[in-house]
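Nothing in this text is a laboratory measurement; each read-out follows from the coordinates by a stated rule. Quick caveat: nothing in here was measured; it's all calculated off a predicted structure. Neighbour counts are summed over all protein chains in view; Cβ atoms, including those assigned to glycine, are modelled from backbone coordinates with ideal geometry.
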Amino acid sequence: MKILSTEKIKEKKAAWEEKTLKPALEKFKMKESATKFYTPLDAEGFDFMENVGFPGQYPFTAGIYAVYPYAAGTRGGGSIQSAPGLRRAGRYSGYGTPEDTRDYYKHMAEMGAKMGPNLAMDLPTQCGYDSDNPLIRGEVGKVGVSIDTLRDFEVIYEAFQGDRNLDRIASNFTINGPANIIMSMYIALAEKRGIPIEKLKGTPQNDILKEFIARGTYIYPPKASLRMFRDSLAFFTKHLPGMNVTSIGGYHIREAGATREQDLAFSMAIGMVYLQCGVDAGLDIDDFAPKFTFNAFGGSMELFKEVAFQRAARRMWAKIVRDKFGSKKSRSQLLRQPGGAHIGRISTTKQRPLNNLTRSIVGAVASALSGASPNASPPFDEPLGLGWSLEAIQLSEDAGRILQYEAMLTEVMDPLAGSYYVEHLTDEIEEAVWKELEKINSMGGVVAAIENGYMEREIARSAYERQRRVEKCEDLVVGLNCFTGESEIDVAINGVVPHPYDPLKREEAEETQIANIKEVKRVRDSRTVSRLLQELKEAAGKEDVNLFPFFIECARAYTTEQEMCDVLREVFGEYEPPVNL
Amino acid sequence: MEQSRPIKVLIAKPGLDGHDRGAKVVAMGLRDEGMEVIYSGLRQSPEKIVKAAIQEDVDVVGLSCLSGAHRYLFSEVVRMLKEEGMGDTMVIAGGIIPDGDIPMLKETGVSEIFGPGASIKNIAEYIRENNARLKSGR
């Protein structure tokens, strides 16, 4: 390869602008070019080893692993049977009562599902309320399954026995505020089944700080919430080596309105707070950092920028864990996500919704080009209501398969490495994010930036700016603010395959689950429950005590989630968000 | 119609749903349209929302819910507003509302549903043109 000097390129560029570009612009009566062109001048100082490196090696820009087994089968490298894994986590699922969810999982198992559950829990569960609380009427079993007591886990996991017992599967739990309580119920279930708890595998979302700025299922103030986080980190590190500690940030912050840079900065800042929790608890960074994961980063249609975002995210996390926290093991420095780049739900439209399939494929291409499987997410009917149709899921999965097996998109790792444009974008994002991190630091860190409303306000402002751009047609969205004329036709969607969730059961779930919790309360030993709650309360008052053993004791005795949460509400107080709009 | 004071709107998040992007964007947008807007914040019970509507004497209540609990929560707000003699308060709503639920909600008394992709301009226009309370000169 012949490498020209920077001076020489500058000279040639100036000549090109004058001799070639300028006449073209004049011809089309343009003030500036509609199409940009990047040169080595835009990636000055680019150092392959420092900026990219090899896959599976620091700084992991090219990918966190040396090889991606799921990419096999593309060119005779393996059979599809041995590498079916476009999906790395079970489908987010769960609805109604524990019985409804159990039956759904049994049904899926009959259809060949092998993975553990990726459990969606209803909002009362996520916010620490029991089903029989009159304040939360109308919400039981709606966005996920209702969990009140250990009994509910016993019922759901009837679908997971034998070769899918708790020591064989990984369970994902989308739970944050009461994560430790829900995890204690899972641990109590394992104990009841005689499974050693060190064999448990899975990931609780357990990322409470982002709940204060997006998604909103917080319970306690940030500092008390971080004490809960520390407890899970310390307890899992010691007793549950196969359990991830957290799934940080990612797309939730973005969906709430954050820009790419805000999302990455807030997620990295939050990740650092969690790492510090472990350090402060006296643990070695390399003993717990490998148990950190991130939720899939993504959220726009801008393919190259999303690729750059993924690369910058991997590189930054590696730098943070190694250089700021002194990690010595590369395993600790990996930014692990269950998926890769994607367009985000916010990019989908209710108008002409089949176009969302096209949109999600753009995200899947970005994912494949940035080191993850080409998952086309979300299914096209995402904006139409809760719960995707099986047809939409089929098309999403097929889209990923087509990109992998027909378009061969996963054949090369980080194929855009060295592109002047993509390297420029990667550096640009990273630089903006470090700057934002400094800003957060200067106002006293993440907790301060939450409590003073900074993060929430900035995200809302970005969301509003996007809305204004769409309304002014500065940002175009096909079928929404352009190409909406008379000549366009709507494409009807006829969902004919019945969804495995039973709508009738969903409607009845609240009453059924209220009856369930009443029965649990009737038959359990209430005096033991009262005593355990009192012990929990005393322990909660001592900051250095790890509450996990207390939660497990409570769970065993069928103490309800809200009973435990209420005790902590008394001790910790409840979070009052700063009103700021 | 002459306006002696700005239109007053309460944008509220009923229930436990924490997806507040839409609610905040609409609140900010209607404010820029010259309306006086109060944003409730998250986790408001129908009782709290109605109480705030009375206290602030609003012309419009805008409800946002993405959790699927809209049938119960929106209907409760409308019912309680009527009970409190605020039946002429316009109730509009947004969120992930399946098309199939819209007739039921309108029958209950929700004036209009503005789902994904709705523009602030249209929402503001709708409020100005259809507000019974403003027309009755209250």
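List the equivalent ellipsoid semi-axes of region A:440-581 in whole Å, largest first, each obtained as the square root of 5λ for an eigenvalue λ of the Cα gyration tensor. Could the numbers behind the result be given before it?
On the way: eigenvalues 421, 195, 22 Å².
They are 46, 31, 11 Å, listed from largest to smallest.
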>> How big is region A:334-380 along each principal axis, measuring the range of its Cα positions in Å and listing the largest first?
In response: 39, 15, 12
>> Let me confirm the definition first: pairs of Lys residues in region B:8-129, 8 or more apart or on different chains, C-alpha distance under 23 Å. How many are there?
In response: 21
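Can you pick out the pairs among A:Lys13/A:Lys324; A:Lys210/A:Lys505; A:Lys439/A:Lys537; A:Lys29/A:Lys435; A:Lys106/A:Lys199 whose Cα atoms lie more than 28 Å from each other?
Details: A:Lys13/A:Lys324 40 Å; A:Lys210/A:Lys505 32 Å; A:Lys439/A:Lys537 38 Å; A:Lys29/A:Lys435 38 Å; A:Lys106/A:Lys199 23 Å.
Correct reply: A:Lys13/A:Lys324; A:Lys210/A:Lys505; A:Lys439/A:Lys537; A:Lys29/A:Lys435.
About the Cα centre of region B:8-129, how large is the charge dipole given +1 on each Lys and Arg Cβ and -1 on each Asp and Glu Cβ? Please answer in debye to the nearest 20.
Charge dipole of region B:8-129: 340 debye, to the nearest 20.
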> Restricting attention to region A:440-536, which chymotrypsin sites (Phe, Trp or Tyr not before Pro) occupy a DSSP loop and are surrounded by at most 11 other Cβ atoms within 10 Å?
Replying inline: none
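Roughly how big is chain A's charge dipole about its Cα centre, with Cβ charges of +1 (Lys, Arg) and -1 (Asp, Glu), in debye to the nearest 20? Kindly include the intermediate steps, with their values, before the conclusion.
Values: 72 positive and 82 negative charges, 249 e Å.
Computed about the Cα centre, the dipole is about 1200 debye.
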>> So if I average 1/r over every pair of distinct C-alpha atoms in region B:55-114 and take the inverse, what Kirkwood radius in Å does that give?
In response: 11.5
> For chain A, what are the per-bin percents of Cα-Cα distances with bins 10 Å wide, up to the bin holding the maximum?
Replying inline: 3, 16, 26, 27, 17, 7, 3, 1, 0
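Rounded, prolate or oblate: which fits region A:295-404 when a ≥ b ≥ c are the square roots of the eigenvalues of the alpha-carbon gyration tensor, with rounded for a/c under 1.5 and prolate only if a/b beats b/c? Walk me through the intermediate numbers first.
Working: a/c = 2.53, a/b = 2.41, b/c = 1.05.
Taking the square roots of the gyration eigenvalues as a ≥ b ≥ c, region A:295-404 is prolate.
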> Can you give the net charge of the other residues whose Cβ lies under 9 Å from the Cβ of A:Ile346, counting K and R as +1 and D and E as -1?
Replying inline: +3
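Can you bin region B:8-129 into rounded, prolate or oblate? Criterion: square roots of the alpha carbon gyration tensor eigenvalues sorted a ≥ b ≥ c, rounded for a/c under 1.5, prolate for a/b above b/c, oblate for the rest. Working shown, then result.
Values: a/c = 1.23, a/b = 1.04, b/c = 1.18.
Cα axes put region B:8-129 in the rounded bin.
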>> Cut-off 10 angstrom, C-alpha nodes, Gaussian network model of chain B. Which of B:Gly41, B:Gly85, B:Gly115 fluctuates the most?
In response: B:Gly85
> Which of the trypsin sites (Lys or Arg not before Pro) found in region A:287-334 are loop residues per DSSP with 11 or fewer other Cβ atoms within 10 Å of their Cβ?
Replying inline: A:Lys328
>> Under 15 Å between alpha carbons, and skipping anything fewer than 8 positions from A:Lys12 in its own chain: which aspartates and glutamates qualify?
In response: A:Asp42
>> Students often forget the sequence filter, so: which aspartates and glutamates lie under 14 Å Cα-Cα from A:Lys518 once same-chain residues fewer than 8 apart are removed?
In response: A:Asp130, A:Asp132, A:Asp148, A:Asp152, A:Glu510, A:Glu561, A:Glu563
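Let me have the 222 nm mean residue ellipticity of chain A computed from DSSP H runs of 4+ only, each contributing -39500 (n - 2.57), with the sum over all residues rounded to the nearest 500. Let's see the in-between values first.
On the way: 21 runs with 256 residues, N = 581.
Computed ellipticity for chain A at 222 nm equals -13500 deg cm²/dmol.
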